[in-house]
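Asks: I am attaching a structure below and will ask some questions about it afterwards.
The values are calculated or read from the model by the stated rules, or taken from the named source; none is laboratory data. Owing to the predicted nature of the structure, the values given are computational and were not obtained by experimental measurement. Positions of Cβ are backbone-derived with ideal geometry, glycine not excepted, and every protein chain shown enters the neighbour counts. Accessible surface is based on the protein model in full, side chains and every heavy atom, while ligands, DNA and RNA are left aside. Shrake-Rupley method; radii C 1.70, N 1.55, O 1.52, S 1.80 Å.
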Amino acid sequence: MPRKGKKTKTPLSDEEQLLLLQQKLLAEEEMAKKKERLLSQFLKDKLAKEEQNSALNLNKINTQWRTVLREVKTKELLKDIEILSQTFERVVDCKDSVIKSLAKDLSEAEEQYAHALRSHLHNVDQLLALQRCRLHLLEESYNMELEVLTKEFETERKTIIDQHEEEIHYLQDVFMAMEQNYIDSEYESKLEFQSMWDDLKNKNLEEKHFLRIQLENIVEDLWRRFQDALKNYTDATEDRKIAFETLKVKDEKSSKEIEAQMKKIQKLQEAISISKGKILMHSRESEDQNQYIRNDKELVLIQLRKLKAQRTQARGVSQENLVKLTLESNATLKALRKIVDKGEKILKLAEICRKYETEEEKVLPFYSSVLTPKVQEETEEQNPEELTMELARVMVDYTGMENFWKRYNKVKLEQLSLQHRRAQLLEINGKLREMLKQYLDGISVSDEVLNQFNPLFIVNHQSNLSQPLSTPAAQSGDKPPSTTYNIIEAAHIISHTL
């Protein structure tokens with residue numbers, strides 16, 4: 001009899017054993033992680049303490065080393081001070097001896113200077129006596145020459161005064177005669193000037209009146225147009241009223257300028273009247289010249305018309321050429337932009353693809369053809385193409401793309417091979433999945449497995465596979481009905497027997 005209170009241990013299934021093992025492994029991993037964390041924390045704390053201790057020890061060593069260095073340095077400095085004091089005393093003695101020698105030289109130089117000064121003063125006194133004698137002689141000669149010159153000056157002065165009085169009398173007579181002639185000519189010129197002034201004044205008044213009327217009409221017409229434009233402008237837009245004010249200010253300025261111009265015109269009219277008199281005097285002389293100039297002007301106008309026609313033709317041709325050039329340049333710019341965008345895209349793709357290149361592709365980017373010469377000849381015979389001039393030109397244009405096409409073809413072949421390999425692997429994976437599913441269905445018991453057909457599930461020596469129904473044709477036929485066999489996998493039997 002078994003004891004009460006004790007329970008028999010039920011054997012664990014494989015799944016429960018796996019779960020226990022997984023739990024144990026997880027617990028061991030967590031323990032190992034905790035140990036690693038504690039160990040790393042302990043090492044970090046120990047490292048921090050060591051760093052603090054090393055810093056303190058380093059500071060202590062530095063302080064002791066500084067004290068030792070100070071003592072050594074003080075000893076060296078004391079020795080240097082003793083040496084410098086000895087050298088300083090020796091230099092001071094040398095300087096004292098030099099100062100004494102210089103004092104002796106200075107006293108000797110002062111004595112020499114006093115002797116030279118005495119001799120210099122004696123020489124200066126002698127030179128002054130000689131100069132006084134020379135000045136006395138020069139003064140006597142100057143007085144003699146002065147008396148002679150004064151006599152000559154008085155005689156010349158008398159003669160010049162007499163000639164001056166005679167010339168004054170002669171000039172007075174000439175001035176009286178010239179004045180009489182000038183008065184006569186002035187009276188005649190005044191009469192002529194008065195007559196000419198009256199004529200010119202009348203002409204200027206007439207021209208002035210005509211110009212004033214003409215300008216008033218022009219101003220009235222312009223004012224009328226301005227009022228009409230102002231009405232249209234105010235009716236059309238009110239937002240531009242500020243611009244109108246500015247234009248009005250400009251108009252006032254222009255009116256002031258017109259007044260100033262009128263004054264200038266008056267001055268010019270006066271100048272024109274004066275110039276007209278001159279023109280009338282010179283008109284007879286300039287008629288031939290004007291005629292010659294007119295002929296030259298006509299010739300120049302004819303040449304100018306020809307040149308204008310040629311200019312218009314050239315302008316039209318140049319405009320057409322410019323239009324064509326702009327259209328072609330725009331088209332070329334668009335094509336070049338497309339090419340540049342395409343090239344940038346290709347370069348970006350090349351940079352991206354460069355990351356995925358293997359070492360063999362980086363070393364040998366351009367592979368040689370794998371085909372043998374015989375295979376190449378067979379492919380050429382199968383696809384014969386006649387080499388024409390156009391095809392040859394196109395091939396010459398694309399010779400620089402051979403390396404690119406080699407790499408492209410290589411990548412394309414690798415892509416196709418990888419796709420084929422992927423399809424094969426997908427098929428193998430599908431088969432393996434089916435086999436794995438069958439195996440798992442065979443080793444596990446669930447509602448889904450029970451509902452499906454399973455050749456491994458046998459109850460009372462019967463499986464849940466559907467038996468084919470016997471038909472009368474099959475019973476009456478010569479062939480016996482096909483027997484069904486139950487198949488059990490070896491892995492299932494081994495797992496239950498062991």
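Asks: Quick one: how many lysine pairs does the range 21-66 have with C-alpha atoms less than 24 Å apart and a gap of 8 or more or different chains? Give me the count, please.
Replies: Pairs that pass both the separation and distance tests number 13.
Asks: Let me ask something else about it. When all protein chains stay in place, what accessible area (Å², nearest 10, 1.4 Å probe) is found for Val219?
Replies: 80 Å²
Asks: Modelled label-to-label distance, Lys306 and Ile279, 7 Å Cα→beta-carbon offset: nm?
Replies: 3.3 nm
Asks: Straight-line reach from Lys348: which lysines have Cα under 22 Å away, leaving out those fewer than 8 places along the same chain?
Replies: Partners within reach: Lys334, Lys338, Lys362, Lys406, Lys410, Lys412.
Asks: Going by the alpha-carbon gyration tensor, a ≥ b ≥ c the square roots of its eigenvalues, is the range 26-112 rounded (a/c under 1.5) or, if a/c is not under 1.5, prolate (a/b greater than b/c) versus oblate?
Replies: Taking the square roots of the gyration eigenvalues as a ≥ b ≥ c, the range 26-112 is prolate.
Asks: If the chain between Ala350 and Asn330 were fully stretched, how many nm would it gain, using 0.36 nm times the residue separation less the Cα-Cα distance?
Replies: My answer for the length gained is 4.2 nm.
Asks: Here is a further query. For the range 193-286, which GluC sites (Glu not before Pro) pass both filters: DSSP loop (anything but H, G, I, E, B) and at most 15 other C-beta atoms within 10 Å?
Replies: Listed in order of number, the matching sites are Glu238.
Asks: Taking θ as phi - 60°, what are the ³J(HN,Hα) couplings along the range 158-172 by the Karplus curve (6.51, -1.76, 1.60), each to the nearest whole Hz, with x for Gly and Pro?
Replies: Taking θ as phi minus 60°, the curve returns 4, 5, 5, 4, 4, 4, 5, 5, 5, 5, 5, 4, 5, 5, 4 Hz for the range 158-172.
Asks: For an R0 of 41 angstrom, estimate the FRET efficiency from the Cβ-Cβ distance between Gln424 and Glu390 and round to the nearest 0.05.
Replies: After rounding to 0.05, the efficiency reads 0.40.
Asks: Once label points are set 7 Å from the Cα along Cα→Cβ at both Tyr439 and Ile99, what is their separation, rounded to one decimal in nm?
Replies: Calculated label separation equals 11.7 nm.
Asks: Work out how much length Glu51 to Glu270 would gain on full extension: take 0.36 nm times their residue separation and subtract the Cα-Cα distance, in nm to one decimal.
Replies: Taking Glu51 through Glu270 to full extension adds about 67.8 nm, to one decimal.
Asks: Over the heavy atoms of Met178, what accessible area does a 1.4 Å probe trace out, to the nearest 10 Å²?
Replies: For Met178, the solvent-accessible surface is approximately 120 Å².
Asks: Output wanted: per-residue J couplings in Hz (rounded whole) for the range 179-188, from phi through Karplus 6.51 cos²θ - 1.76 cosθ + 1.60, θ = phi - 60°, x for Gly and Pro.
Replies: Listing the rounded values in order: 5, 5, 5, 5, 4, 5, 5, 5, 5, 5 Hz.
Asks: Can I ask one more? Dipole of the range 1-121, Cα-centred, from +1 at each Lys and Arg C-beta and -1 at each Asp and Glu C-beta, to the nearest 20 debye?
Replies: The dipole magnitude comes to about 1800 debye.
Asks: Okay, moving on. Work out, step by step, the length gained on full extension between Ala129 and Leu230: first 0.36 nm times the residue separation, then minus their alpha carbon distance; give nm to one decimal.
Replies: Values: separation 101, 0.36 × 101 = 36.36 nm, distance 10.80 nm.
Gain on extension, Ala129 to Leu230, equals 25.6 nm.
Asks: Rounded to the nearest 20 debye, what is the charge dipole size of the range 66-128 about its Cα centre when +1 sits on each Lys and Arg Cβ and -1 on each Asp and Glu Cβ?
Replies: 560 debye
Asks: Another question, then. Using a 1.4 Å probe, how large is the accessible area of Cys353, given in Å² and rounded to the nearest 10?
Replies: The accessible area comes out at roughly 80 Å².
Asks: Follow-up question, since we're still on this one. Just going by the charge dipole of the range 34-120, with Lys and Arg at +1 and Asp and Glu at -1 on Cβ, which of Gln86, Leu117, Val68 is farthest out on the positive end?
Replies: Val68
Asks: A follow-up question, please. With a 1.4 Å probe and all protein chains in place, put Val317, Val92 in order of accessible area, largest first.
Replies: Val317, Val92
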